[in-house]
Amino acid sequence: MGPLYLFELASSQARWLELRQSTIAANVANANTPGFKARDVEPFNKVLDGMPVRLAITSPAHLQLSAVETDTRATAKKDSWEVVHSGNSVSLEQEMVKGGDVNRDYSMNTAIVRSFHRMLLSGAKA
């Protein structure tokens, strides 16, 4: 059996989600600070671009995809929804949406790791 990259990928995403949640919390904490500019981290796609994952071809029937076809696409960064008179660009609604995205992504990450772990255990028992 070859190396398993799923756990490394899930760990990288969990660290990225932790950093994003901290950034969101800092934005919310400074929602009333004059001149504060809302921040966000780079999309996780940029992390994936630095970690190319090649598909294993273990059978002649498997499809062969080029690196271009398996490449991830970067998403455009959206500006803040509003800038108030004090120059603060934090939108609490936007930060709550981002927080919900982090929660959903973390739940999906843990569900995938849990399922993969169960699959490995059942394979080891057989």
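The values are calculated or read from the model by the stated rules, or taken from the named source; none is laboratory data. Keep in mind that what you see is a predicted model, and the values were worked out from it rather than measured. In this analysis, Cβ positions are derived from the backbone assuming ideal geometry, glycine residues included, and neighbour counts consider all displayed protein chains. Please note that ligands, DNA and RNA were not included when accessible areas were found on the heavy atoms of the full protein model with its side chains. Shrake-Rupley method; radii C 1.70, N 1.55, O 1.52, S 1.80 Å.
Being at pLDDT below 85 and over 22 Å from Glu18 (Cβ atoms): is that true of Glu93 here?
Values: at pLDDT below 85: no; over 22 Å from Glu18 (Cβ atoms): yes.
Here the answer is no, as Glu93 does not meet what is asked.
Taking Asp79 as the residue in question, decide whether it is modelled with pLDDT of 90 or more and charged (D, E, K, R). Let's see the steps before the verdict.
Numbers: modelled with pLDDT of 90 or more: no; charged (D, E, K, R): yes.
Considered against the rule, which asks whether it is modelled with pLDDT of 90 or more and charged (D, E, K, R), Asp79 comes out as no.
Would you mention how many residues in the range 26-57 are assigned to a loop (DSSP other than H, G, I, E, B) and at pLDDT below 75?
So the first thing to find is which residues in the range 26-57 are assigned to a loop (DSSP other than H, G, I, E, B), and the list is 30-43, 50-57.
Right, trim to at pLDDT below 75 and you get 50-57.
So the count comes out to 8.
Looking at the range 86-97, which of the residues that are surrounded by 16 or more Cβ atoms within 10 Å (Cβ to Cβ) and either out of contact with any helix residue (DSSP H, G or I) (no Cβ under 8 Å at 6 or more places or on another chain) or not hydrophobic (A, V, I, L, M, F, W, C) (or both) is nearest to Asn32 (Cα to Cα)? Break it down stepwise before answering.
Filtering the range 86-97 for residues surrounded by 16 or more Cβ atoms within 10 Å (Cβ to Cβ) gives 88-91, 94-95.
Applying the additional criterion that residues be either out of contact with any helix residue (DSSP H, G or I) (no Cβ under 8 Å at 6 or more places or on another chain) or not hydrophobic (A, V, I, L, M, F, W, C) (or both) yields 88-89, 91, 94-95.
On the way: Asn88: 7, Ser89: 10, Ser91: 10, Gln94: 15, Glu95: 14 Å.
Result: Asn88.
Here are some conditions: (1) exposed (fewer than 14 other Cβ atoms within 10 Å of the Cβ); (2) among the aliphatic types (A, V, I, L, M); (3) at pLDDT below 75. Leu19 meets all but one. Which one does it not meet?
(3)
Exactly one of (1) open to solvent by less than 50 Å² (accessible area, probe 1.4 Å); (2) at pLDDT below 95 is unmet by Gly100. Its number?
Failed condition: (2).
Under 8 Å between Cβ atoms, at least 6 apart or on separate chains: pull out the pairs that start in the range 101-126 with a residue that is within 26 Å of Arg20 (Cα to Cα) and end on any residue that is among the charged types (D, E, K, R) and open to solvent by less than 50 Å² (accessible area, probe 1.4 Å).
Close Cβ pairs satisfying both conditions: Val102/Arg20.
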